[in-house]
Amino acid sequence: MNRAKYREILDENLLQSAQDLRLGQWFTFQQDNDPKHTAKITQEWLQDKSLNVLEWPSRSPDLNSIKHLQRDLKITV
């Protein structure tokens with residue numbers, strides 16, 4: 001899959017899935033740092049849709065988002 005196909009999948013599925021799941025417009029979207037996820041076309045689409053994207057560290061050895069959420073919580077509190 002390339003960045004154009006990934007963006008097409010987002011366009012055809014992401015917002016509708018969020019609506020179907022009754023997530024509302026303020027859900028947080030999670031993706032890793034795969035090149036198609038960080039491509040300019042993808043980032044622009046996400047910004048155009050005003051989506052909140054979970055910041056994902058580029059050097060996460062186990063891609064464990066819970067640790068990063070805990071870090072964010074400690075910073076906030």
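The values are calculated or read from the model by the stated rules, or taken from the named source; none is laboratory data. All of these numbers come straight from a predicted model, not from anything done at the bench. Here the Cβ positions follow ideal geometry from the backbone for every residue, glycine too, while neighbour counts run over all protein chains shown.
Results for (1) modelled with pLDDT of 80 or more; (2) surrounded by fewer than 13 Cβ atoms within 10 Å (Cβ to Cβ); (3) within 17 Å of residue 15 (Cβ to Cβ), shown as yes or no for each residue.
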{"site": "38", "(1), (2), (3)": "yes, no, no"}
{"site": "63", "(1), (2), (3)": "no, yes, no"}
{"site": "66", "(1), (2), (3)": "no, yes, no"}
{"site": "75", "(1), (2), (3)": "yes, yes, no"}
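Which ones in region 1-36 are among the charged types (D, E, K, R) and loosely packed, with under 11 Cβ neighbours inside 10 Å?
5, 12, 20, 22
Among the residues in region 45-60, are any modelled with pLDDT under 90 and hydrophobic (A, V, I, L, M, F, W, C)?
Yes, that holds for at least one residue.
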